[in-house]
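To start, the structure under review is shown below, and the notes come after it.
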Amino acid sequence: MNLAEVYGKLFEIGLSETEAHTAVDALGLDVVEFGAELAWRTGWLYRECKKHGLSLGDRACLAAGLHLKLPVVTADWKWKEVKGGPKVILIR
């Protein structure tokens, strides 16, 4: 889900398909498949995240962090206010 947002932003700024794939490949990401478990965790976060104005993509990222027991990285300070979420690392 979040990778779809990344591609969308790359296309929004005018990258071609090849350029977008090259940019994403250069990141060396391990992509986690969004299946039933992540869908459940994303839904579970709905009530807590709604009051902070977080999107479905935001919740999916937080859910992946919980599922993998890893911190998540963002520039959105509102993520730190989510109770029951993973550790949040702010990049600015």
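The values are calculated or read from the model by the stated rules, or taken from the named source; none is laboratory data. These figures come from a predicted structure and were not determined experimentally. Neighbour counts run over all protein chains shown; Cβ positions are idealised from the backbone, glycine included.
Tabulated data for the structure shown
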| read-out | value |
| --- | --- |
| Enumeration of residues in region 14-39 that are more than 15 Å from the chain's Cα centre (by Cα) and surrounded by 10 or more Cβ atoms within 10 Å (Cβ to Cβ) | Leu15, Ser16, Glu17, Glu19, Ala20, His21, Thr22, Ala23, Glu37 |
| So Val31, is it part of a loop (DSSP other than H, G, I, E, B) and either in the same structural domain as Val6 (by TED's automatic domain parsing) or not small (Gly, Ala, Ser) (or both) | yes |
| Pair list, Cβ < 7 Å and 6+ apart or interchain, from region 1-20 residues that are closer than 27 Å to Arg41 by Cα and not assigned by TED's automatic domain parsing to the domain that holds Arg59 to residues that are among the aromatic types (Phe, Trp, Tyr) and surrounded by 10 or more Cβ atoms within 10 Å (Cβ to Cβ) | Met1/Phe34 |
| Residue list for region 19-41, filter: of a type in the set (A, V, I, L, M, F, W, C) and over 17 Å from Ala64 (Cβ atoms) | Ala20, Ala23, Ala26 |
| Those residues of region 68-85 which are surrounded by fewer than 20 Cβ atoms within 10 Å (Cβ to Cβ) and either in a helix (DSSP H, G or I) or of a type in the set (Lys, Arg) (or both), in sequence order | Leu68, Lys69, Trp77, Lys78, Lys80, Glu81, Lys83 |
| Selection within region 32-56 - over 27 Å from Glu81 (Cβ atoms) and among the aliphatic types (A, V, I, L, M) | Ala36 |
| Breaking point among (1) surrounded by 13 or more Cβ atoms within 10 Å (Cβ to Cβ); (2) in contact with a helix residue (DSSP H, G or I) (Cβ under 6 Å, 6 or more places away or on another chain), for Gly65 | (2) |
| Residue list for region 41-54, restricted to those being surrounded by 12 or more Cβ atoms within 10 Å (Cβ to Cβ) and either in a helix (DSSP H, G or I) or of a type in the set (Ser, Thr, Tyr) (or both) | Arg41, Thr42, Gly43, Trp44, Glu48, Cys49 |
